[in-house]
Amino acid sequence: MQYAFPLLAILIWAGNTVINKMAVGAIFPAEIGFYRWLLAGLLFTPFMLKPVLANWAAIKPNLGKVFILGVLGMAVYQSLAYFAATVTSATNMGIILSLMPLMALALAIIALGQRLTAGALCGAVVSLAGVLVVVSGGNLGVLLEHGLNQGDAMMLIATFAYAVYSTLLKKWQLRLPPFQLLYLQVLVAIIVLFPLYLSSPKTGLQLNNIGLVLYACLLASMLAPLAWMQAVSRLGPSRTTLFFNLLPVVTAMIAALVLGEELKPFHLYGGALTLAGVVLAERWKLQLGKARKPHIQNAL
């Protein structure tokens, strides 16, 4: 039963990657990004506003950090994924997103003083090779000649933003109740994305896109984080993180069934290399050199 929580979160997030692609043509990226957090904020407020106000003395000194977390984890990561979906496939997005644990591990080595391991070093090389295979369509010569697809580049930036978000969460260890922290970040996303929403073209909420917004809000923004937090509390962070490796596989399966995306050999080879690199990094713990002191200060 305890494994149901991380599996549910991964299933929802994989489905949300496909939702990003389904939103293309049905609703503009800036719209769904804003509506998603606006609806989440409206649903959270009746339950969370009073506890947040009661805990304001503890929250106020951390507002700057909460703002940075909200921008990275909610606004930048989620919004870039919607824009990336307009020019790349859901399968590519899922494979690139699977780099997140490896990026977070690299940042932990640099910023948190975590020791470099043989697995992290070898895994980085193997995973990078896998992503290069995917984003080049199996032809590295084309990648060298034309560069990255714009959507793949945006997805790489989005994934890196979430890795930084995860690292800062671990570094700062804000002593705030998880739901209050999540609610505050949702409010940050609403504020930050509002100007982009105002300046973008709009389709408005219609029958053909309201379901996409509801999925992104209710399932991906609210239920999945709750399931993931339950998984961490029951299994621990290390065991829970391993389930993230299933994301590219589940995404590719859903994309093939729902969107009819074709799984080509380069997807299989590149995805296998990326997954192997992440597993190497997480499982091969032979330490190299001495631990470094953190480079990031405790406050920004």
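The values are calculated or read from the model by the stated rules, or taken from the named source; none is laboratory data. Bear in mind that the values here come from a model prediction, so they are computed numbers and not experimental data. No Cβ is skipped: glycine too gets one built from the backbone with ideal geometry, and neighbour counts run over all protein chains shown.
Yes or no: the stretch 32-49 includes at least one residue that is surrounded by 21 or more Cβ atoms within 10 Å (Cβ to Cβ) and either among the acidic types (Asp, Glu) or not in a helix (DSSP H, G or I) (or both).
No - not one qualifying residue is present in the stretch 32-49.
Are there any pairs, at least 6 apart or on different chains, whose C-beta atoms fall under 6 Å, with the first in the stretch 265-277 and surrounded by fewer than 20 Cβ atoms within 10 Å (Cβ to Cβ) and the second assigned to a helix (DSSP H, G or I), and if so, which?
Phe266/Val133; Tyr269/Val133; Ala276/Val126
Anything in the stretch 71-80 that is within 11 Å of Tyr162 (Cα to Cα), touching a Gly at 6+ places or on another chain (Cβ under 9 Å) and among the small types (Gly, Ala, Ser)? List them, or say none.
Ala75
Just give me the residues in the stretch 111-121 being in a helix (DSSP H, G or I) and surrounded by 16 or more Cβ atoms within 10 Å (Cβ to Cβ), in sequence order.
If the condition is that a residue be in a helix (DSSP H, G or I) and surrounded by 16 or more Cβ atoms within 10 Å (Cβ to Cβ), then Ala111, Gly119, Ala120, Leu121 are the ones that fit.
Let me confirm something: among Ala124, Ala108, which residue is closer than 19 Å to Ala276 by Cβ, in a helix (DSSP H, G or I) and of a type outside the set (Asp, Glu)?
Exactly one of Ala124, Ala108 is closer than 19 Å to Ala276 by Cβ, in a helix (DSSP H, G or I) and of a type outside the set (Asp, Glu), namely Ala124.
With a cut-off of at least 3 residues that are at pLDDT 85 or above and either touching a strand residue (DSSP E or B) at 6+ places or on another chain (Cβ under 7 Å) or surrounded by fewer than 18 Cβ atoms within 10 Å (Cβ to Cβ) (or both), name the helices (runs of 4 or more DSSP H) lying wholly within the stretch 137-207.
150-172, 178-199
Considering each of Val87, Val134, Val76, Val125 in turn, give the residue that is within 25 Å of Leu246 (Cα to Cα), crowded, with 23+ Cβ neighbours inside 10 Å and either in contact (Cβ under 8 Å) with a residue 12 or more places away in the chain or over 14 Å from the mean Cα position of the chain (by Cα) (or both).
When all the criteria are applied, what remains is Val134.
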